[in-house]
1. Give me the one-decimal nm value for the distance between modelled label points at residue 72 and residue 41, 7 Å along each residue's Cα-to-Cβ direction.
2. Of the listed peptides 49-56, 19-26, what is their order by residue-averaged count of other C-beta atoms within 10 Å, with the highest listed first?
3. Taking the highest mean first, how do the peptides 78-85, 66-73 order by number of other beta carbon atoms within 10 angstrom per residue?
4. If you rank 65, 43 by fewest surrounding Cβ atoms within 10 Å, what's the result?
5. Considering Cα pairs under 8 angstrom that are at least six residues apart, work out the relative contact order of the chain and quote it in whole percent.
6. If you count the DSSP beta bridges with both ends in the chain, what percent of them are antiparallel, to the nearest 5?
7. Principal axes first, then extents: for the Cα atoms of the chain, list largest minus smallest coordinate on each axis, whole Å, largest first.
């Protein structure tokens, strides 16, 4: 099974978003959530993930994240209007072909 990582600043709200995305994905991919301001260990396990979803809270770090992953995995920025439990399903439908 493919694995995806949602990253944000703290990880609390993103954990709920990851759970909802897992429901949407129905076993196609499993998402985890990490707050990169408090836990940078995800870089050590980058090869475990096939995609990195970037929360709106850390949009300003997108270029740095591209450098960090060095093209090893795909990055997708989650637009603010989709970063909530009511709209993340729409994000999934819009992006599932790229995930």
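1. Going by the 7 Å Cα→Cβ label model, 1.6 nm.
2. Per-residue mean Cβ counts within 10 Å order the peptides as 49-56, 19-26.
3. Numbers: 78-85: 14.5, 66-73: 11.9.
Highest to lowest by the protection proxy: 78-85, 66-73.
4. In order of increasing Cβ crowding within 10 Å: 43, 65.
5. Averaging sequence separation for qualifying contacts and normalising by length gives 31 percent for the chain.
6. Values: 0 of 15 bridges.
The antiparallel proportion sits near 0 percent.
7. 29, 26, 19
A short reminder: the numbers here are calculations on the coordinates, not readings from a lab. Because the structure is a prediction, the values reported are computed rather than measured. Here Cβ is always computed from backbone atoms with ideal geometry, including for glycine, and neighbour counts include all displayed protein chains.
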